[in-house]
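The values are calculated or read from the model by the stated rules, or taken from the named source; none is laboratory data. Computed from a predicted model, the values in this text were never measured in an experiment. Protein only, heavy atoms only, side chains kept; ligands, DNA and RNA dropped before computing areas. Shrake-Rupley method; radii C 1.70, N 1.55, O 1.52, S 1.80 Å.
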Amino acid sequence: LSAHMAAGLEHTLRKDPYFVDGPYKPQLVCIETLASTPLPREALPVLVMPWGGLIWRSQRESECFSSMLPQGNGAGVYLHCFLRYRQEPSEGVWLPEALFIASRWPYHATFAQALRLFAEGTARHEPWGPSHAQALATTFALDPPPPSRPLYLQVREQAVHVQRPAARDLPIADIDYAVLFCALDLTSIQRILV
């Protein structure tokens with residue numbers, strides 16, 4: 001974080017009665033790779049926990065978000081992240097931990113749903129480790145589907161379905177358009193869709 005942003009974060013956190021300590025530099029505990037996608041191991045923890053590791057006195061809401069790790073020629077790797085807080089009973093605090101998927105497929109909403117299903121299927125008191133990363137990697141060990149063909153992911157007891165649109169069709173990325181539509185007036189939305 002820049003000095004200005006860090007100062008603002010510190011000021012905000014100190015006002016929160018449930019904040020205990022942080023931000024700490026996040027650590028990458030384990031990584032499972034399926035393809036030859038080069039990932040910068042040093043940068044990943046900061047991209048997955050951009051505000052650092054924060055410790056709290058009470059349970060925090062889990063978060064799902066996506067970001068992009070730019071690589072040359074306009075391409076990049078999408079990071080689909082699920083952040084949760086796990087109780088450490090001996091200390092009486094809640095510690096952050098995250099699972100993420102790094103992919104060249106821009107299926108943000110689908111991967112967020114799959115990550116949420118996977119994460120919610122694990123015990124809240126059980127720390128995530130190598131066995132969880134391996135199980136998650138196995139879930140996503142699929143070849144990319146051709147355009148207009150469905151892809152099914154089996155996550156725990158649920159099937160998650162996504163279909164790549166044809167190259168000339170919208171949407172070209174699996175994203176939640178609700179945020180965009182909330183920012184536009186009805187006339188603009190009609191112009192976009194008609």
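Element breakdown for region 30-111 at a 1.4 angstrom probe: carbon and sulfur atoms account for 54% of the accessible area.
Close amide H partners of Gly76, meaning residues 5 or more places away or on another chain with modelled amide H under 5 Å apart, are Gln71.
Could you tell me what % of all Cα pairs in region 42-129 have separations over 21 Å? Summing the P(r) tail past 21 Å for region 42-129 gives 34 percent. Accessible surface calculations at 1.4 Å, restricted to protein heavy atoms, place region 42-82 at 50 Å² per residue.
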